[in-house]
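Each remark here refers to the structure printed beneath this line.
The values are calculated or read from the model by the stated rules, or taken from the named source; none is laboratory data. Keep in mind that this is a model prediction, so the values were computed, not measured. Cβ placement follows ideal geometry from the backbone for every residue including glycine, while neighbour counts extend to all protein chains displayed.
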Amino acid sequence: MVATMTQQTTATPEHIEYVLRLADNALILGQRLSEWCGHAPVIEEDLALANISLDLVGQARLLLTHAGNLEGKGRDEDQMAFLRVERDYRNVTMMEVPNEDFGRTTLRNFFSSAFQVLLWEKLVKSSDSELAAIAAKSLKEARYHLNHSSEWVIRLGDGTEVSHAKTQAALDYLWPYTAELFAANPTDEAIAASGVGPAWSSLEAAWEGVVLPVLGEATLVVPARTPFKSYGKFGRHSEHMGHLLATMQYMQRTYPGAQW
Amino acid sequence: MLTEEQAWKLLDEVPDPEVPVVSVVELGIIRELHCRPDGITVVVTPTYSGCPATEVIGLSIRETLQAAGAGKVDMETRLDPAWTSDWIGDAAREKLRAYGIVPPDGRAAVGAAQPIRFVRKTLTCPRCGSTNTERLSEFGSTACKATYRCKSCLEPFEYFKPI
Ligand SMILES: [Zn+2]
C-alpha cells in the first residue's frame, strides 16, 4: 500500500534519535523473533512468535518511515532498515542478544512488551501527531504481547525443574541489560522537555511494578543490580549485532536497490 | 467516473484475503471515499501493523475500482484513529461465526499496563454450540486471531480478538 505520510518538519536531532530508538527496538527484536519461525517448541508458539515478530516489524516500518521524514534526507523505510551501519542503530542491547532458548526469548519479550505498553501509553499524547498515531496502534498490539509473554514466564518459571532453571538462567543473563532502558541521557531530557515523549527513566518504577509481581509468581529470583552497563541505544552494540545485521541486510547489500 | 455510492458497493464485494467471508468495507478499514471527475481517493486504516494482508488489500481495492472505470485511484493511509475490531458490524460478526471464527467478544479493551494473566473468556464453539472450550494460543494463523479448541466436538476454531 502506498503510504502518503510526507511531512515537512524541522525536527531536532534529539527528536529523530528518540524515534529511531523506538524503531530499532521494534526492528531488531522483530528480526530476532523471526529466527524462531519453524523452530519453536510447539506449533502454537511458532505461530505466536511469528505473529509478534510481524507486529514489531510493522511498527518498525511506520517508525522508520517517520524517522526518515523527520530527518528530511529522502531516506525511506528500506534504506533506514537495511542500509545503515551498525553504529547508526539505536536499539537497546537487550534486543540484539541471541535468542538462546525459549526461556530467554520469552523473558525478553516480557521485559520488552511491559516497557512498550507503558511507553506507548504515554506517547499516545505526544506532541508529534504521527508518533501519537503510531503509539495508539502499537499499544493495542503490545498489550497482547505482554499478556502472552507474562503467562509464559509464569508457566516456565513455576514449571518443571528444567524450565525453572532455564528461565532463572535467562533472568540472570538479561536483568543487567534491562538497566539500559532507564539510563538517563541528554536525548531523553530534551525530549521530555519538548513534549514529544517521556524520558524512559521516568518509567522505571511503573515497569518494575508490572514486572516484579510476575517474576515473583514465577518463583524466579531477581538478581541484584550491578555496575554493568550496555550502550546499544547510543550506537555502541554488543558482538552479536554485526552477525544479526549481516543476516538482516544480506539481500540489500547483495542486490542494492532490490524491491519486492 | 463512479459515484461514491457505486464505489462503496463495489468495495463491499472485495473480500479480506485472510478472512474472505467478510469484505474490506465490513471490516471497517475503508474510512472514506472521495470521488473526483478523473478518479477516486480511498482512505484506508490498516488493521494490525504487521498484517501481511495489507498490501494485497490495497491491490484488490485498486484493481476493483479501476476495472469499474473509476479512473485514477489514490490510496491514502490513515493511522488516526487506530483500527479497532469495534468497527466490525453485527452482520459481519454473524458471517464470521458461520464461517467458524468466533467474532470479538465485547468491546476492545482499554486497560492499564497490568497484564491480564490466565483470565479466559468462555467462548461458544461456532460448530456445535458447546461452551466446553479451551484456548490453545493467544495467536493463530494471523495476529488478529487466537486459537481455541472445543472439548465437546473436538474441533479447533479461531477467535477474532477484540483490539
Ligand atoms: Zn464444538
Kindly indicate whether A:Ser129 is surrounded by 24 or more Cβ atoms within 10 Å (Cβ to Cβ) and within 11 Å of chain B (Cβ to nearest Cβ). no
Being in a loop (DSSP other than H, G, I, E, B) and small (Gly, Ala, Ser) is the filter here; which residues of segment B:1-33 pass it? B:Gly28
Within segment A:123-142, can one find any residue that is out of contact with any His (no Cβ under 6 Å at 6 or more places or on another chain) and at positive phi? no
Given (1) touching a residue at least 24 places away in the same chain (Cβ under 8 Å); (2) surrounded by fewer than 19 Cβ atoms within 10 Å (Cβ to Cβ); (3) within 11 Å of another protein chain (Cβ to nearest Cβ), number of the condition B:Leu59 does not satisfy: (1)
I need the full set of residues from segment B:87-111 which are surrounded by fewer than 13 Cβ atoms within 10 Å (Cβ to Cβ) and either more than 8 Å from every other protein chain (Cβ to nearest Cβ) or modelled with pLDDT of 95 or more (or both), in order please. B:Asp90, B:Ala91, B:Glu94, B:Ala98, B:Gly106, B:Arg107, B:Val110
Among the numbered criteria (1) within 14 Å of another protein chain (Cβ to nearest Cβ); (2) modelled with pLDDT of 90 or more; (3) within 16 Å of the ligand (Cβ to nearest atom), which one does B:Phe160 miss? (3)
Going through segment A:66-80 in order, the residues found to be within 18 Å of the chain's Cα centre (by Cα) and buried (at least 22 other Cβ atoms within 10 Å of the Cβ) are A:His66, A:Ala67, A:Met80
Going through segment B:62-85 in order, the residues found to be in contact with a helix residue (DSSP H, G or I) (Cβ under 7 Å, 6 or more places away or on another chain), more than 27 Å from B:Gly140 (Cβ to Cβ) and at the interface with chain A (Cβ under 7 Å from one of its Cβ atoms) are B:Met75, B:Asp80
Inspect segment A:32-52 for any residue being modelled with pLDDT of 95 or more, of a type in the set (D, E, K, R) and in a loop (DSSP other than H, G, I, E, B) and give the result as yes or no. yes
